[in-house]
1. Pick from ARG46, ARG34: which is within 28 Å of PHE84 (Cα to Cα), in a helix (DSSP H, G or I) and basic (Lys, Arg)?
2. Name the residue, out of GLU35, GLU26, GLU50, GLU4, that is loosely packed, with under 13 Cβ neighbours inside 10 Å, within 18 Å of the chain's Cα centre (by Cα) and acidic (Asp, Glu).
3. Just to check your reading of the model, which residue among VAL82, VAL91, VAL57 is hydrophobic (A, V, I, L, M, F, W, C), closer than 30 Å to GLY42 by Cα and touching a residue at least 40 places away in the same chain (Cβ under 8 Å)?
4. Give me the pairs: first residue in region 11-39 and touching a residue at least 24 places away in the same chain (Cβ under 8 Å), second residue in a helix (DSSP H, G or I) and of a type in the set (D, E, K, R), beta-carbon distance under 6 Å, and six or more apart or on different chains, which are they?
Amino acid sequence: MSDEQDRARLDDVGARLKAMQAAQAETKQTEQTREESAQGVGVGFRIGIELIAGVLVGAGLGWFIDDKLGTKPIFMLALIAVGFAASVLSVIRVLKNLDEAVGLGRAIREKEARDKTKAPSANAWDDDDE
């Protein structure tokens, strides 16, 4: 009878252990999803701030120059356009860095690394029939 009770207790402990491991795996998956979502939100805020900051800096500098030279809208409009262009280039740079970290950029780098390790043989480019 003691063996049957021990077997039942072991089965109970095993079932509890499996339930705990499943709960931990689910919690880990949920935390990973949250972290990925938070990173996406952070990148989105960064892009928005960079776009707004570029335009505001351009407008501020243009307004200052126009005020000092007495030419009201000319420099402000020109520097707003320059600030917007600089902001777009900055956003492209951010997105390019994201692409290089994962996705297509990473795949291209890995392919280039594999191609470097596979050096062509000595006669690969030899077209002579000698």
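Where a number appears in this text, it was derived from the coordinates with a stated rule and is not lab data. As the structure is a computational prediction, the values presented were derived from the model and not from experiment. Note that each Cβ is placed from the backbone with ideal geometry, even for glycine, and that neighbours are counted across all protein chains shown.
1. Just a single option satisfies the conditions, and that option is ARG46.
2. GLU35
3. On the way: VAL82 fails: touching a residue at least 40 places away in the same chain (Cβ under 8 Å); VAL57 fails: touching a residue at least 40 places away in the same chain (Cβ under 8 Å).
Within the list VAL82, VAL91, VAL57, the selection yields VAL91.
4. none
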